[in-house]
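Data first, discussion second: the structure below is written as structure tokens.
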Amino acid sequence: MQVNRRSFLMGSAGIAAGVAFGAGSSMPAFAEDASLRAMWWGSNDRAKRTLDVAKLYEGKNAGVSIVGESLSGDGYWTKLATQMAGRAIADVFQLEPGTISDYSKRGACLPLDEFVPATLKVDSFGKDMLKLTTVDSKLYGIGLGLNSFAMFYDETAFEKAGIKPPTADITWAEYAELAVELTKAGGKDNYWGGPYAARYNYVFDAWLRQRGKSLFKDGGLGFDVEDAKEWFNYWEELRKKGGTVGADVQTLDQNTIDTNCLALGKSAMGMAYSNQLVGYQLISKNTLGITLLPREKKDGPSGHYYRPALIWSVGATTKNAEAAAKFIDFFVNDVDAGKILGVERGVPMSPVVREAILPQLNPTEQATIKYINSLKDQVGDYPPPVPMGATQFDQRVLRPLCDELAFERTSVADAAARLIEEGKAAISG
């Protein structure tokens, strides 16, 4: 292992150390030696797993060096924007369903169709799985695992409070009552029943889908101002009743594990992506449970759908496209790599890898797979690719508006009107 000057930030820990495994080896793995840059966001656990796979890959492919760079929160997207402007995008970089359409249309991703199936052996995933990362009839990424939205809850907190944990068919009305009850039962300062989830775009999307609508539709918004009012009003009423964390806590959440109120020990419930249960449990001293998001009606649609948890894409500016594709293939198909990765990035797409890792999974990882399997009869159709500007809608429109609401700097009516106006502007330009 060699250490160079490249910045490697391990999650929010702020540990800086450039990491290049295998650099300096003189044995070629391809026609010539290849040095690949890989960039992603996530927890320290994800960083360790990713780098361990990189080291394993280099051990099996002499002459290849992989430099890993992990960032947390908005810093990732800022870095990616800088790389795009400088035409120096990482060879392999991480996206997710809400951003792959946006960034592929902005020219950040290299189409991967030419590498299938010779280099990217993903036939076993099934055609439907490849559709999840296809935009405008071109394959722009490879899904690293399958997941969906989820609600996590602190089993220990529920047990101490003498309250039954949420069930898979809990309604939004029941959830509100439960959140308030948990806040009261907690009996301590700076601890609440659940998050101020108005600012989670994926939860809003599930809420809309339960009502026959969606976050986006036909390249525009899939909801109107009345939907926005109802959504904001629900969370504002719950906040005022004490069922959500305070605004100062929620605004810290950057959709990362280490900034979420449940992970920080500030709430008894949290809303996230199912694969993240592994990361949450690692930093939680109490046992966590997992179930579906609340729904409008007991017998109504859940709003859930299967999605690629995370995605590896190849940078459009890479000079090592074949090598980058080969590394991605190793990441998703090698059994030893799969044993290192587990289900932290979702349930493996490869049936062979999935079968191979099952015996070694711990109870938390097994709970993740059980949850994904339980959704089989609950999921709806996968939505069409999100429009350009979807990332801006989330980070620059929805979240700031929700923060203003929670700090009582704007009204529900004004926030709803601005969500429509500013949201349309974000996705149109």
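Since every read-out is calculated from the coordinates, none of them should be taken as a lab result. Remember, predicted model here, so these are calculated numbers, not experimental data. Note that we place each Cβ from the backbone using ideal geometry, even for glycine, and neighbour counts take in every protein chain shown.
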HN-Hα couplings for segment 180-194 via Karplus (6.51, -1.76, 1.60; θ = phi - 60°), in whole Hz with x for Gly/Pro, come out as 5, 4, 5, 4, 5, 5, x, x, 9, 5, 6, 9, 9, x, x
Before rounding to the nearest 500, sum -39500 (n - 2.57) across all DSSP H runs of length at least 4 in the chain and divide by the residue total; then give [θ] at 222 nm in deg cm²/dmol.
-11500 deg cm²/dmol
Pick the calculated P(r) over Cα pairs in 10 Å bins from 0, in percent for this structure from [x] 4, 20, 28, 26, 16, 6, 1, 0; [y] 4, 22, 32, 26, 12, 3, 0; [z] 4, 20, 27, 22, 15, 9, 3, 0?
[y]
Please report the antiparallel percentage of the DSSP beta bridges confined to the chain, to the nearest 5.
70 percent
In Hz, Karplus ³J(HN,Hα) per residue of segment 113-124 (6.51, -1.76, 1.60; θ = phi - 60°; x = Gly, Pro):
4, 5, 8, 9, x, 4, 9, 8, 8, 10, 4, 5
Label point distance in nm, Asn286-Lys138, each placed 7 Å from Cα along Cα→Cβ
4.9 nm
Give me the angle, in degrees from 0 to 90, between the Cα long axis of helix 44-60 and the longest principal axis of the Cα atoms of the chain, rounded to the nearest 10.
20 degrees
Note, segment 246-251: 3J(HN,Hα) by Karplus (6.51, -1.76, 1.60, θ = phi - 60°), whole Hz, Gly/Pro = x, goes x, 4, 5, 7, 5, 5
Which of rounded, prolate or oblate describes segment 42-125 when judged by the alpha-carbon gyration tensor and an a/c cut-off of 1.5?
oblate
Check: the chain dipole with +1 on Lys, Arg Cβ and -1 on Asp, Glu Cβ, in debye:
440 debye
Between the modelled labels at Glu296 and Ala168 (7 Å from Cα along Cα→Cβ) the distance in nm is 2.1 nm
Could you work out which residue, out of Leu208, Leu182, Leu264, moves most in a Gaussian network model of the chain, that is, has the largest mean-square fluctuation with Cα springs under 10 Å?
Leu264
Relative contact order [Cα under 8 Å, 6+ residues apart], the chain, whole percent:
23 percent
Amide H contacts under 5 Å for Lys217, restricted to residues at least 5 apart in sequence or on another chain and with H modeled in the peptide plane, are Gly222
Taking H placed 1.01 Å from N in the peptide plane, check which residues at least 5 places from Leu71 or on another chain put their amide H under 5 Å from its amide H.
Trp40, Trp41, Gly42
Pairs Lys48/Lys240; Lys138/Lys213; Lys297/Lys376; Lys266/Lys339; Lys164/Lys188; Lys121/Lys376: which are spaced more than 29 Å apart, C-alpha to C-alpha?
Lys48/Lys240; Lys266/Lys339
So for segment 310-400, using the alpha carbon gyration tensor with a ≥ b ≥ c as root eigenvalues (a/c under 1.5 gives rounded; past that, a/b versus b/c decides prolate or oblate), I'd call it oblate
Name the residues whose placed amide hydrogens come within less than 5 Å of the amide hydrogen of Leu288, ignoring near sequence neighbours (fewer than 5 apart) on the same chain.
Glu155
What net charge do the residues around Asp113 carry, taking every other residue with its C-beta under 15 Å from that of Asp113, with Lys and Arg at +1 and Asp and Glu at -1?
-1
Taking 7 Å along the Cα-to-C-beta vector as the label spot, tell me the Glu159-Asp336 distance in nanometres, rounded to one decimal.
3.9 nm
